[in-house]
1. Contour minus end-to-end for Asp94 and Glu62, with contour as 0.36 nm per residue of separation and end-to-end as the Cα-Cα distance?
2. In the P(r) worked out for region 111-186, what percent of Cα pairs fall beyond 18 Å?
3. Using the reciprocal of the averaged 1/r over all distinct C-alpha pairs, how large is the Kirkwood radius of region 65-169 in Å?
4. Viscosity 1.002 mPa s, temperature 20 °C: Stokes-Einstein D of region 22-71 from its Kirkwood Cα radius, in µm² per second?
5. Given the peptides 98-111, 10-23, arrange them by the average over their residues of other C-beta atoms within 10 Å, most packed first.
6. By how many nm would the segment from Ser40 to Lys159 grow when fully extended, if each residue of separation counts as 0.36 nm and the alpha-carbon distance is taken off?
7. Go ahead and estimate [θ] at 222 nm for the chain from helices alone: -39,500 (n - 2.57) per DSSP H run with n ≥ 4, summed, over the residue count, rounded to 500.
8. Provide Rg over Rh for region 39-124; use the alpha carbon set for both Rg and the Kirkwood Rh (inverse mean inverse pair distance).
Amino acid sequence: MDKRKFKFSRLNDFSHSTIDWIGSVPSLLVHTFFFVGSFSLILFGFEADKVLLIVTTLVSLEAIYLAIFIQMSVNLNSQSLAEVEENIDEIQVDVEEIQKDVEEIEKDVDEIQKDVDEIQEDVEEIEKDVDEIQKDVDEIQEDVEDIQEEDEEEVNRDKNNREVLEKIESQLHLLMTEIEKIKAGK
């Protein structure tokens, strides 16, 4: 930092601290004591015209400096307000972006909800299909059991029929033997 900037920086710091001090209670007390002291000089034998001239001159000079300090304070406040406005603008942009993001999230949530509803409908359809398939499996199982029973009955009938046929054959065979004997004996 060069000397010029350093001097202005120190002068700037001094003016800021002076502005802060002028608007404070100690400043009010100092000015009050100054004016009371100035006017009390008249009581100690100083001429009122000269005291008023000195006080008026000092008050005029102070008014000039106060006007400068007030303008500096206004300028600082204007800069601060400008920065605040910039920050507000940036915040507004951020809020708008966040609002857009929230709207997109709401759309995504709506889409996800629709997808969930569709999946729920699909699950319900699948459950119905599973129930129908289970009924079909139960019916097929019953049919298989019926067929097995019928097959067993048929096997039993076939067995019985074979036994009957075998008996008939053996009876026929005996009859044929008897008929042969009768023919032979004639």
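A short reminder: the numbers here are calculations on the coordinates, not readings from a lab. Only a predicted model underlies this, so the values are computations on that prediction, with no experimental measurement involved. Glycine also receives a Cβ, built like all others from the backbone with ideal geometry; neighbour counts cover every protein chain displayed.
1. Going from the current span to full extension adds 6.9 nm.
2. 72
3. Over region 65-169, the inverse of the mean reciprocal pair distance is 23.0 Å.
4. Stokes-Einstein gives a translational diffusion coefficient of 181 µm²/s.
5. Ranking the peptides 98-111, 10-23 by packing returns 10-23, 98-111.
6. Between Ser40 and Lys159, full extension yields an extra 27.9 nm.
7. Here the helix-only value at 222 nm equals -35500 deg cm²/dmol.
8. 1.75
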